Amino acid sequence: MEMFRFLRRKANRWLLLLAAVDMVLLGFSLNAAMYLRYFNQPADLAQFSRHMPERSLAFAVIMLLAMVALGHYQSHMRTSWFGVLARQSVGFVLGGVGVFIMYYLLPQAYVGRGVLTIALVLSFALMMGFRLVFLR
C-alpha cells in the first residue's frame, strides 16, 4: 500500500483520472480516424482494423508519455489557457515524432499518414475540449 501513497492527495486522483480519460480519447481517436479514412473501402477497413486495439494502445501510450514529459499532468502547473494550448501543441509534436519512431521500430504498428493525421487532429480537439470541461 505504500506504493500508492501518492493517491492520498485529492489533486493526484483528479490528475490520474484526467490522464486515464486522455488515454481513452487518444485510443478512440485512432480508431475513429481509421473509420473516417476507410469508410468507403470496406476491404481496406477490414484489413487495417485487425490489429487496431494494439495500435491504439501504442499510439495512446506514446502520446500520453509526450504529455507527461512536458508536465501536462502536474498539479502545481498553473498557466493560462494559452499556456495549456502551447504545452499540448508541443506535446503533440513530440508525440508525433515518437509515433513515427515507433513505426520504424515496429513496422506492423504502421497505420498510414492519412489515419495518423486525422487521429492527431481529432485527438487534439477532443483533449482540449475535455480539458475545458474538466477544469471548470
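The values are calculated or read from the model by the stated rules, or taken from the named source; none is laboratory data. Only a predicted model underlies this, so the values are computations on that prediction, with no experimental measurement involved. Glycine also receives a Cβ, built like all others from the backbone with ideal geometry; neighbour counts cover every protein chain displayed. Remember, those area values only see protein heavy atoms, side chains included, never the ligands or the DNA or RNA. Shrake-Rupley method; radii C 1.70, N 1.55, O 1.52, S 1.80 Å.
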**Asked** Using a probe of 1.4 angstrom, how much of the accessible area of the range 20-135 is carbon and sulfur, in percent?
**Response** 72 percent
**Fill in**
Placing +1 on each Lys and Arg Cβ and -1 on each Asp and Glu Cβ in the range 20-135, then taking the dipole about the Cα centre, the residue among Pro107, Leu36, Ile118 whose Cα reaches farthest towards the positive end is Ile118
**Request:** For the chain, report the accessible area per residue in Å² (1.4 Å probe, heavy atoms, rounded to an integer).
**Result:** 63 Å²
**Prompt:** Under unit Cβ charges (Lys, Arg +1; Asp, Glu -1), what dipole magnitude, rounded to 20 debye, does the range 20-135 have relative to its Cα centre?
**Reply:** 160 debye
**Fill in**
With Leu116 itself left out, Lys, Arg at +1 and Asp, Glu at -1 over residues whose Cβ is under 12 Å from its Cβ give +3
**Message:** Between [x] 104; [y] 118; [z] 159, which entry matches volume of the Cα convex hull per residue in Å³ as derived from the coordinates of this structure?
**Reply:** [y]
